[in-house]
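Only one structure is covered here, and it is reproduced in the block below.
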Amino acid sequence: MSGLTHDLSHACAVEYIVTGPRSVAGLARGQTQILGMVLATLEDEPVVCGVDRLADCLAALDGCCRLYSDSMFARAVERQRGLHLAVQYHDLRIVSLLLGENQPADFDVGATLPSSPAPLAHHRANQVLSLVYHQHMLEQLEQQGLAPLYHDIELPVADATGAMVTRGLDVYIPLLEQIAASHRGQQEIAELQLCELAGHHLNPASPADVARFLFTEAGLPVWKRNSDGIPSTSETTLCRLEHPAVGSLRAYRHCKNVADAACGILENCDPGTGRLHADLDPLGAVTGRFSCSNPNLQGLPREVLAAFVAPSGHTLIEADFSQVELRVLAHLSQDPVFLNTLRDPHGDIHLGTAAAALGIPPSAVTPEQRSRIGKKVNFAIIYGQTATGLAEALDASESDAQAFIDAFARAYPDVHFWAVEVRHAVRQHGYVATCCGRRRRLPEARSTTSAIASRALRQAVNAIVQGTAADLNKLALVRLWQTLPADWYLLLTVHDSVLISVPDAHVVTAVDWVRHTMEYLPAGFSVPLRVDVGIGKTWAECKAGH
């Protein structure tokens, strides 16, 4: 792990010369070839080191602080080839993103380089030196209070992520192919049924076509219109309609979703190993959350999760933070009712919010009201939604949605006051910060255009809550990574969860260890963290367990 040293007089920029995608996933898939390395110091011109001399060149840098444009990729290269890993190193991409600065265009870490990449590697190595050293970017991290976030979270998380992507996920391809084929077939059957019911060709993927058939031709009542004026055909709306076509339309959408997800995974799987190496980016979202692409593994249908399997002799463990964003909101606002509910092992904040919104005793709240109203109102506050946004989520009127928001403010006044203070602070400073100091810069909050300013004010609340939740998840990931036994593997992180593979004989011990490691509270955090754990031979079985 790197320490923050500003004496870079003996630092060396290390840039690998590659063909193919400059990404850990590309490296793991065998799409990226290492041709050599460029070394650059402040005193000397860049030196090219051939691929056969990498080990000797890096060994000669022992004790030198290495400067990488992308440490996750560079250290994955070094691990793959058994090269000497630096103790002291810095990452220009992470520093730039934490400071809110744009990277130069040719620092796109996923870019495919030209057929003669050495000159570009020279250029990149020199840029690493100039941007890190001459612009004093590391000093800026400390001045802005970002040094602990960089040193204790983002650098080690990048290392852990590189290991996860390199390891990959085991996929049972025959089952996935069967899932894709069967659901594509069911999708086609549902489409034919819709066309028969309509009496003409109908494109189920076209909201306009569906709306025209349901509300004009079939004469069903319009519950709500979208911003473009077309009557809504959302899932919530469909549940209110009674017509034979509704079941076929819902079946079409579900089967298409499953088939598309399965095909996306198959397209990216290595047919030789049966493994999937998705592109994970720890700083892919402005809030500090991970992004996942090629393919996106967030929100996969349950049917598809059944094809993700444990390695032979291993069991999968999925550990998921429970209501972490609400716990963050309780900590930030210090609202006594919110705090007490989330500190109580049997407390139910969604139930309490539904009761407050509906003006009824908690004992009278139905499971449907808890889920549809309580949960959605709580998350509307986190996401900074207006009455318009909440009305859309609830498929209700704006007046009802506003009444629910007002009831929330009365039930949890300190949460309301905290949100007001956040909006005032972002207008004053132009940014907000998480508990760990991560900044979201929102100069638009000072805009004289009302719509632009309002959007930034809503984003400010969400940036702090979701950003702090991201920090907690990354801190847990670092603790897991740094203490993980040799034959246990971190596989993936999605939203607030972590997927781990452990030997069958260690499952009971591993569950306790994972829960204890993730529930560890950072200094000063005033609300207990709760982790739900599921185990199984497939990812779907893990989901069923919690």
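Worth pointing out:
- Of all the listed residues (THR315, THR273), the sole one being in a loop (DSSP other than H, G, I, E, B), over 19 Å from ASP496 (Cβ atoms) and either at pLDDT 95 or above or not aromatic (Phe, Trp, Tyr) (or both) is THR273.
- GLU398 vs. criteria out of contact with any Pro (no Cβ under 6 Å at 6 or more places or on another chain), of a type in the set (Asp, Glu), buried (at least 18 other Cβ atoms within 10 Å of the Cβ) and farther than 21 Å from LEU326 by Cα: no
- When the criteria are applied in full, LEU499 fails the requirement of being in a strand (DSSP E or B), surrounded by fewer than 19 Cβ atoms within 10 Å (Cβ to Cβ) and among the hydrophobic types (A, V, I, L, M, F, W, C).
- Test: SER371 is outside the structural domain of GLU235 (by TED's automatic domain parsing), closer than 28 Å to ALA460 by Cβ and more than 27 Å from the chain's Cα centre (by Cα): no
- Evaluation of THR161 against the conditions (1) over 24 Å from the mean Cα position of the chain (by Cα); (2) modelled with pLDDT of 95 or more; (3) surrounded by 22 or more Cβ atoms within 10 Å (Cβ to Cβ) shows that the sole unmet condition is (1).
- Residue in the range 419-435 that is of a type in the set (Asp, Glu) and over 28 Å from the mean Cα position of the chain (by Cα) present: no
- ASP260 falls short on exactly one of the conditions (1) in a helix (DSSP H, G or I); (2) touching a residue at least 24 places away in the same chain (Cβ under 8 Å), and that condition is (2).
- Per the listing LEU339, LEU326, the residue uniquely under 29 Å from TRP539 (Cβ atoms) and in a helix (DSSP H, G or I) is LEU326.
- Residue count for the range 342-363, restricted to those that are part of a loop (DSSP other than H, G, I, E, B) and aliphatic (A, V, I, L, M): 1
- Test: residue in the range 505-513 that is among the polar types (S, T, N, Q), free of Cβ contacts under 8 Å to residues at least 24 places away in the same chain and surrounded by fewer than 19 Cβ atoms within 10 Å (Cβ to Cβ): yes
- Near pairs, Cβ below 7 angstrom, 6+ apart or cross-chain, from the range 270-287 (free of Cβ contacts under 8 Å to residues at least 24 places away in the same chain and buried (at least 20 other Cβ atoms within 10 Å of the Cβ)) to any residue that is part of a loop (DSSP other than H, G, I, E, B) and of a type in the set (Ser, Thr, Tyr): none
- Within the range 446-497, being charged (D, E, K, R) and either under 29 Å from SER312 (Cα atoms) or modelled with pLDDT of 95 or more (or both) holds for ASP471, LYS474, ARG479, ASP487, ASP496.
- Enumeration of residues in the range 368-426 that are within 17 Å of ARG455 (Cα to Cα), outside any helix (DSSP H, G or I) and not aromatic (Phe, Trp, Tyr): GLY384, GLN385, THR386
- PHE404, sole failed condition from (1) under 25 Å from the mean Cα position of the chain (by Cα); (2) at pLDDT below 95: (1)
- Which numbered condition ASP487 fails, given (1) within 22 Å of ASP159 (Cα to Cα); (2) of a type outside the set (Val, Ile, Thr); (3) buried (at least 17 other Cβ atoms within 10 Å of the Cβ): (3)
- Scanning the range 207-228 for residues that are in a loop (DSSP other than H, G, I, E, B) and surrounded by 12 or more Cβ atoms within 10 Å (Cβ to Cβ) turns up ALA218, LEU220, VAL222, TRP223, LYS224, ASN226.
- Cβ-Cβ contacts under 7 Å between residues 6 or more apart (or on different chains), taken from a first residue in the range 229-245 that is closer than 18 Å to GLU191 by Cα and assigned to a loop (DSSP other than H, G, I, E, B) to a second residue that is among the small types (Gly, Ala, Ser) and modelled with pLDDT of 85 or more, are listed as THR233/ALA211; HIS243/ALA218.
- Every pair of residues 6+ apart whose Cβ atoms lie under 7 Å, when the first sits in the range 197-213 and is assigned by TED's automatic domain parsing to the domain that holds HIS243 while the second is in a loop (DSSP other than H, G, I, E, B) and modelled with pLDDT under 90: PRO207/ILE230; PRO207/THR233; ALA208/ILE230; VAL210/THR233; ALA211/ILE230; ALA211/THR233
The values are calculated or read from the model by the stated rules, or taken from the named source; none is laboratory data. Treat the numbers as computed from the prediction; the structure is a model and nothing was measured. Quick reminder, even Gly has a Cβ in these numbers, built from the backbone with ideal geometry, and neighbours come from all protein chains shown.
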